[in-house]
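Below you'll find the structure, written out as structure tokens, and then a few comments.
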């Protein structure tokens, strides 16, 4: 079988190499290569989707020896958890490449970093070897650091530094956990670790705590979320889209793949604590978002809220022995990752487009924009409604399943539903402040979305509706895997 | 017969010794370039001659010298590393007075380094310490200016004192076992005081050479006083040799003497002190000097696992190879950019390719995958955890974050706008460019081909 996963993972690097080879030929060439490469990668991931996954295991395995003496190998594969995330990743990078076409500050370097980041992101989701996973996981930090430091806003150096130090501190405990699992099993093959627990007792609990720390920073979950607002606010628009849409999913993906699957007994013991953190994150993120007047920061905090629901879903799945309920919780959590990628991706793009025009993100600077820029306005309103969980849009089927399982397993935790009310309030307030009310004459000449921007935003809006109306197109694949966990 | 057999295993060492001698003759004839070429050829030949004995797993001269995996890989790392250092030295001091003596001294010090990494006997270890020490003092003092003389004096005095302590302490081991062989140490467990006296001696003597806390004081001064290329050489070759000598000595020392805990404590102190001190440096050579001190601490994670666990020796070898490449590379960039942190401001924009090379070296020193330094650190952490030192692995990880802070200071400066007053940075000449190319390639690619290394 042709190694499509490897092709998808490393095609961006090939694109990056050709951009470097043609350096100095101007920005449009670099952006052209970037759009072509990411588009091609997206098509390849669609072909991977067409090949399908096998229920109850990994499929499309690609394997080459790497360091045989310690059982590390180049191993890729997909299942119903990783494939949707791979699709999301390739889509968001494709749209980001289109959006970036206007970047004229050192475009070649920018494109190279973005393509490196795509390889790292796809590799993180596709890796079936823990050492390889860690390699991709960390490479993403390096690319994102340079992206924020090089193309971010006013206070970018500090934000980039904090992002890199914080998340490196966050990810190193995972390396310890991986080494612990390796010493317990003699291999880095994640399939072996998933099939049977390699650690037990205290060792398993220590490994779990290390993993939870890593993934909590990445998700980010209260109280280790503090890097996120700084990084988001200073990052360039595409940086924010990738950070929120793709890189936060490393955390929740790891939570299921590593913590839940590899140390199941310890996870069950700790699940109640994890649930408390999830509920608190959901509420905290909503309240913190409510307090923001900066649109981008507000969207950033709603990520803390939405990712909190994912944590809740995984935690309640660890608390029940009923396989059906567990599958519902995990289905909801996984779908929530996809929904969040689509919706938050759209919101960050839209805030970025607004900022490109107005050079400000403060809500109070705007007003009555809906009449001036109807496309932008309605796109934002639709995305905001999706973000607050309106039925028929992407978040609803995901959050519904999470809450359904929670209600059955730990009814008190449905307290987090309060966060949805707050989210509704804050989005309505933002819509009112920016798009409704008296028009501000300052923006009388603001242009509406151009063709390039529509190409970016319309596919996301269509998918937000599609996932909301027909979540079955993803849930079938997700459920086949989750029901077997 | 026995003599001929023993000598046949020593062909790399003998080749290097003869090479050093011929280099001295070339220097006497005032032909420094010839001395350099002889040196490079001799190193290449010695490297090639290492392959037949790489997996011999034997000892020669009655067990005093070990031809084993560690000493074999030590040659494969130290000999090419020395060749790179020779190229750097040529780039820095070409045409200056007494140029060839530097090359000959470097070859001699490397001979001492090989003896250290193969020593199976305390006498041979002392001999290695003395040979590397004498050559190194002369190398540091070579420029004959005030800074170099002061640095060499500090180095010499420090070396003499620690050397004396070492020899005195080692006499206890001889008294306790009746033999100078390391292999006799396996029975020393029931004489804890004697074991401890010799242990302290080894730690003082070799710890000084490896620049472990608290025997590191000479290192930043010596590196700063010496030519940059000599600092680069000392920071990798003599340091690695000392760490390999540690490994040879501790292989036979029973863990019941408590040495792994002592090493673990020194490791924690060395890593933390090295990076904390590096964080406040404003001169690049000193910054990298302190960073090299911290890196020594990481090596100790592998060293303390020598008593148990299969990852110990591979971890020393893999991280050793990575360390030689990335540290030599970082020093090579300093030779191009300048000795002050301020010289690096905007350097990445002014010299993009050399700048990217520096970023790769620094990220590899931090341990960011998939670079070679990361693979080495995975081995080291694995070795420490398998030996039961999880707490030390956690300290090492916290220090990796500190390391990133240290190295990001350089990276951030490199991509700031260049001060208007600053002159354009120097260009990397062909020799430095060659060294940079080789070290970048190793740092980048060997992480992917780590399967070629022992394990």
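Side notes on the structure shown:
- Within this structure, residue B:100 fails the test of being modelled with pLDDT of 95 or more and either assigned to a helix (DSSP H, G or I) or surrounded by fewer than 24 Cβ atoms within 10 Å (Cβ to Cβ) (or both).
- When we screen A:83, A:43 for residues that are outside any strand (DSSP E or B) and under 23 Å from residue A:238 (Cβ atoms), the only hit is A:43.
- Considering B:412, B:375, B:401, the condition of being at the interface with chain A (Cβ under 9 Å from one of its Cβ atoms), in contact with a strand residue (DSSP E or B) (Cβ under 8 Å, 6 or more places away or on another chain) and closer than 28 Å to residue A:148 by Cα is satisfied by B:375 alone.
- Qualifying position, being at pLDDT below 90 and closer than 13 Å to residue A:375 by Cα, among A:448, A:441: A:448
- Being in contact (Cβ under 8 Å) with a residue 12 or more places away in the chain and either closer than 28 Å to residue A:461 by Cβ or surrounded by fewer than 23 Cβ atoms within 10 Å (Cβ to Cβ) (or both) holds for only one residue in A:321, A:328, and it is A:328.
- Test result for residue A:133, part of a helix (DSSP H, G or I), more than 12 Å from chain B (Cβ to nearest Cβ) and crowded, with 22+ Cβ neighbours inside 10 Å: no
- Just so you know, in segment B:436-451 the residues that are without any contact (Cβ under 8 Å) to a residue 40 or more places away in the chain and touching a strand residue (DSSP E or B) at 6+ places or on another chain (Cβ under 9 Å) include one that is nearest to the other protein chains (Cβ to nearest Cβ), and it is B:451.
- Residues in segment B:386-397 that are facing chain A (nearest Cβ under 7 Å) and within 14 Å of residue B:299 (Cα to Cα): B:393, B:397.
- Scanning segment A:161-212 for residues that are facing chain B (nearest Cβ under 10 Å) and not in a helix (DSSP H, G or I) yields one hit, A:188.
- Residue within segment B:191-203 that is touching a helix residue (DSSP H, G or I) at 6+ places or on another chain (Cβ under 8 Å), farther than 30 Å from residue B:407 by Cβ, modelled with pLDDT under 90 and not in a helix (DSSP H, G or I) present: yes
- Yes/no for residue A:85 being under 25 Å from residue A:62 (Cα atoms), touching a residue at least 60 places away in the same chain (Cβ under 8 Å) and either away from chain B (no Cβ under 11 Å) or touching a strand residue (DSSP E or B) at 6+ places or on another chain (Cβ under 8 Å) (or both): yes
- Test: residue in segment A:62-75 that is in a helix (DSSP H, G or I) and more than 14 Å from chain B (Cβ to nearest Cβ): no
- Within segment B:364-372, not a single residue is within 14 Å of chain A (Cβ to nearest Cβ), in contact with a strand residue (DSSP E or B) (Cβ under 9 Å, 6 or more places away or on another chain) and buried (at least 24 other Cβ atoms within 10 Å of the Cβ).
- The criterion of being on the phi < 0 side of the Ramachandran plot and touching a helix residue (DSSP H, G or I) at 6+ places or on another chain (Cβ under 8 Å) does not hold for residue B:280.
- Exactly one residue out of B:100, B:112 is in contact with a helix residue (DSSP H, G or I) (Cβ under 6 Å, 6 or more places away or on another chain) and farther than 28 Å from residue B:179 by Cα: that is B:100.
- Any hit, segment A:426-440, residues being touching a residue at least 24 places away in the same chain (Cβ under 8 Å), over 26 Å from the mean Cα position of the chain (by Cα) and loosely packed, with under 15 Cβ neighbours inside 10 Å: yes
- Some residue of segment A:230-242 being within 11 Å of chain B (Cβ to nearest Cβ), at pLDDT below 95, outside any helix (DSSP H, G or I) and surrounded by 24 or more Cβ atoms within 10 Å (Cβ to Cβ): no
The values are calculated or read from the model by the stated rules, or taken from the named source; none is laboratory data. Note that this is a predicted model, so its numbers are computed, not measured. Don't worry about glycine lacking a Cβ; one is built from the backbone with ideal geometry, like all the others, and counts go over all protein chains shown.
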